[in-house]
Amino acid sequence: MEQMTQSLQANRQWLKTLFSRYHEIGHIRENFDRLLENHYGISNERPVATGHQPVIYHPGLLFKNHFTGQAARQMGTTPAINLVVDTDLAHVNVPVPAYSHGEPVKTFARIANEKELTFSAFHPSHEQVQAFFTFIREHITSLAQDRITEAFDQYKAAFDQAYRDGSSFVDALVILRNRFDAWLGYPIRDVKVSGLARSFPYWQYIAFILQHIEAYRTAYNQAIEENRRKDYQPVRFMHQYQGWIELPFWLEDNGQRHSVYFKKQPGQFRFWAPEAQREITLSLNGTTPEQVAEQLQEHLILYPKATTLTQLIRLFLCDVFVHGSGAAEYEQVNNRFLQLFFSMDRAPAFYTATGDLYLPFSDDMPDLKDVKADHHRKSKWLREAHRNPEGQLDNRLAEQYKKKKKAIAQKMSQENQPERRKDYHHQLQEVDRQIKEELKPQIEQVKQELAHYESLLEKQDVYFERRYPYFLYPAEELTQENFREHLRVKRH
């Protein structure tokens, strides 16, 4: 944690410098401080935060919470914050293992979102939810692994209770994941992005962006351009069309998100969402940033896109943000943007944290890295056993056979008659046969192990799927020790 402490101190100094240059940004931070304390019970001593959509977590996602929670605890400021990104498009589609005709297979349990609603507006029916969980249980039962079925049944019972207590489907997922974090020993405070998106300091930041939209767009697009690689770019450019600038936000309309464009005119802010066929014009009655923010808050619902959200989190809600590994590339764009837009000499540090824990299909289920390493090592040993069999024997026995082969080879080198040389060659082959006979039990054992490894690797997408729901894992698999052992962390 020494590196985290250093990053924390450096980021705080970065923010202090920023706030001294941009008093409006510092004022927004102060308002967020009051919001979190008054509405969420979170003090302004909150160094570390993470976040994700309110999906059904797999263990790889839990590593972020593990690292964030442990970091907050070791720095003496618990709980950490987890931003629940319920403003994203709802997507419920989890892999489920099963056996079919004696073969391991992977299928997917889904809940359709035909209207393309955000998580905050997504409320599947009771029948859809029960069908979803019934599908999962029917498939995992075929595994004949009682530990997995028992883990699922415990989760389902807790989910049903949360449902009966009045929680929505999405809220129940969040509540149970939050309980699991607390059970692991690091309480995390969940904050919904949909709630923040209706708060006054959030709209203050949007007003700040709109007032500086040209400079914002220039820095944003430059940061994307600098992080492009050939045809790949991690973030979309902010496009401009006939004077309309595409915003890094979504317009929310009846639970759906739409791209939105902005045009600033004297005394007016205009917003245009072509997909929703909506155009909103605000006549600005006041000139102060607070008055502009109030009018925006009253007439619009804008949800942040990914980059804008983490800008907001890193500027106003924490001192160090922890991503999953998949977000590292777009956050590099954010780093460069923050540096360019605010004319800073560097960007604040962030972390990525992830790891892999695989579902225990058997009591002795190996780790994928171990399978690949052992397969490589044993394959090499088998090749060597055929090429140089005496080299695979223990030293005493190998020395005996080497002496025997050396004596035969010496006689062979001194023999001129072809028939006698041929006889000595047969004697060497016989010694090799005897050596291989010595190795036969070991060779057969290695072949069996290789066959087992190959059967696992052939079905790697089933046996080593990292995205199986965490509630299929027996409690003894999801422990602090396992999270610590498999955690992969990187500072950026």
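Quick note: the coordinates plus some simple rules give every number you see, no bench work behind them. The shown structure was predicted, so the numbers you read here are calculated from the model rather than taken from an experiment. We place every Cβ from the backbone using ideal geometry, glycine too, and count neighbours over all the protein chains shown.
For every other residue with a beta carbon closer than 15 angstrom to the beta carbon of residue 34, add +1 if it is Lys or Arg and -1 if Asp or Glu, then tell me the sum.
On the way: positive: 29, 46; negative: 30, 33, 37, 45, 290.
Around residue 34, the charge tally is -3.
Assign one of three labels to segment 59-173, namely rounded, prolate or oblate, based on the Cα gyration tensor with a ≥ b ≥ c the square roots of its eigenvalues; rounded applies when a/c is under 1.5, prolate when it is not and a/b is larger than b/c, and oblate otherwise. Numbers along the way, then the final one.
Values: a/c = 1.88, a/b = 1.31, b/c = 1.44.
Taking the square roots of the gyration eigenvalues as a ≥ b ≥ c, segment 59-173 is oblate.
Listing 281, 87, 307 from the residue with the fewest other Cβ atoms within 10 Å to the one with the most, what is the order? Mind showing how you got there, number by number?
Details: 281 12, 87 27, 307 21.
With the fewest neighbours first, 281, 87, 307 line up as 281, 307, 87.
Rounded, prolate or oblate: which fits segment 79-137 when a ≥ b ≥ c are the square roots of the eigenvalues of the alpha-carbon gyration tensor, with rounded for a/c under 1.5 and prolate only if a/b beats b/c? Each step should come with its number before you reach the end.
Numbers: a/c = 2.56, a/b = 1.69, b/c = 1.52.
In terms of gyration-tensor shape, prolate.
Which of the three applies to segment 116-200, rounded, prolate or oblate, going by the alpha-carbon gyration tensor with a ≥ b ≥ c and a/c under 1.5 meaning rounded?
Values: a/c = 2.61, a/b = 1.49, b/c = 1.75.
Oblate, since a/c reaches 1.5 and b/c is not below a/b.
Among the listed pairs 106/192; 230/369; 115/305; 192/305, which have their C-alpha atoms separated by more than 22 angstrom in this model? Write down the numbers at each step before the final one.
Values: 106/192 32 Å; 230/369 32 Å; 115/305 19 Å; 192/305 15 Å.
Over 22 Å Cα-Cα: 106/192; 230/369.
Provide, for q = 0.09, 0.13 Å⁻¹, the log10 of I(q)/I(0) from a solvent-free Debye sum over equal Cα point scatterers in the chain.
With one equal scatterer per Cα and no solvent, log10 I(q)/I(0) is -0.74, -1.27.
For segment 302-368, what is the Kirkwood estimate of the hydrodynamic radius, computed as the reciprocal of the mean inverse distance between distinct Cα atoms, to one decimal in Å? Walk me through the numbers before you get to the answer.
On the way: mean 1/r = 0.0708 Å⁻¹.
Here the Kirkwood hydrodynamic radius works out to 14.1 Å.
Based on alpha-carbon centroids, what's the gap between segment 260-326 and segment 440-492 in Å, whole number please?
45 Å
Please turn the phi angles of segment 244-250 into ³J(HN,Hα) values with the Karplus equation 6.51 cos²θ - 1.76 cosθ + 1.60 (θ = phi - 60°), one per residue in order, whole Hz, x for glycine and proline.
Here the 3J(HN,Hα) series is 8, 9, 5, 8, x, 9, 10 Hz.
May I ask for the net charge around residue 293, where only other residues with Cβ less than 13 Å from the Cβ of residue 293 are counted and Lys, Arg are +1 while Asp, Glu are -1?
Net charge in that neighbourhood comes out at -3.
What ranking of 365, 238 emerges when the number of other C-beta atoms within 10 Å of each C-beta is taken as an exposure proxy, fewest first?
Taking fewest neighbouring Cβ atoms as first place, the list is 365, 238.
Size of the dipole of segment 368-463 about the Cα centre, Lys and Arg at +1 and Asp and Glu at -1 on the beta carbon, nothing else charged, in debye to 20? Walk me through the numbers on the way to the answer.
Values: 22 positive and 18 negative charges, 92 e Å.
In debye, rounded to 20, segment 368-463 gives about 440.
Relative to the longest principal Cα axis of the chain, at what angle does helix 328-341 sit, 0 to 90 degrees, rounded to 10?
That works out to roughly 40 degrees.
Relative to the Cα centre, what is the charge dipole magnitude of the chain, using +1 at the beta carbon of each Lys and Arg, -1 at the beta carbon of each Asp and Glu, and rounding to the nearest 20 debye? Intermediate results must be reported in sequence, preceding the final value.
On the way: 62 positive and 64 negative charges, 366 e Å.
Once rounded to the nearest 20, the dipole reads 1760 debye.
Roughly how tilted is helix 126-141, in degrees to the nearest 10 and between 0 and 90, from the longest Cα axis of the chain?
Its long axis makes an angle of about 10 degrees.
How big, on average over all directions, is the shadow cast by the Cα convex hull of segment 368-463, in nm²? It would help to have the intermediate numbers written out before the result.
Numbers: hull surface 29.6 nm².
The directionally averaged projection comes out at 7.4 nm².
So if I take the centroid of the Cα atoms in segment 61-126 and the same for segment 1-17, what is the distance between those two points in Å?
Answer, in whole Å: 30.
Considering only DSSP beta bridges where both residues belong to the chain, give the percentage that are antiparallel (nearest 5). Present the calculation step by step, with values, prior to reporting the outcome.
Numbers: 37 of 51 bridges.
In the chain, approximately 75 percent of DSSP beta bridges are antiparallel ones.
When the Karplus curve 6.51 cos²θ - 1.76 cosθ + 1.60 is applied with θ = phi - 60°, which whole-Hz ³J(HN,Hα) does each residue of segment 50-67 get, with x for Gly and Pro?
Here the 3J(HN,Hα) series is 9, x, 6, 5, x, 7, 6, 5, 10, x, x, 6, 5, 4, 4, 5, 4, 5 Hz.
So what's the net charge close to residue 465: Lys and Arg +1, Asp and Glu -1, counting the other residues with Cβ under 13 Å from its Cβ? Numbers along the way, then the final one.
Values: positive: 106, 459, 466, 467; negative: 356, 461.
Neighbourhood net charge equals +2.
Percentage of Cα-Cα pair distances in segment 8-64 greater than 17 Å, rounded to whole percent?
Working: 918 of 1596 pairs.
Taking all Cα-Cα pairs of segment 8-64, the fraction more than 17 Å apart is 58 percent.
Per residue of the chain, what 222 nm ellipticity follows from adding -39500 (n - 2.57) for every DSSP H run with n ≥ 4, rounded to the nearest 500?
Numbers: 17 runs with 259 residues, N = 492.
Per the formula, -17500 deg cm²/dmol.
May I ask for the angle, rounded to the nearest 10°, between helix 368-387 and the longest principal axis of the chain, with both axes built from Cα atoms and the value confined to 0 to 90°?
Roughly 20 degrees, rounded to the nearest 10.
Mind sorting 323, 258 by how few other Cβ atoms lie within 10 Å of their own Cβ, fewest first? Show your work: numbers first, answer last.
Working: 323 21, 258 15.
Sorted ascending by nearby Cβ count, the order is 258, 323.
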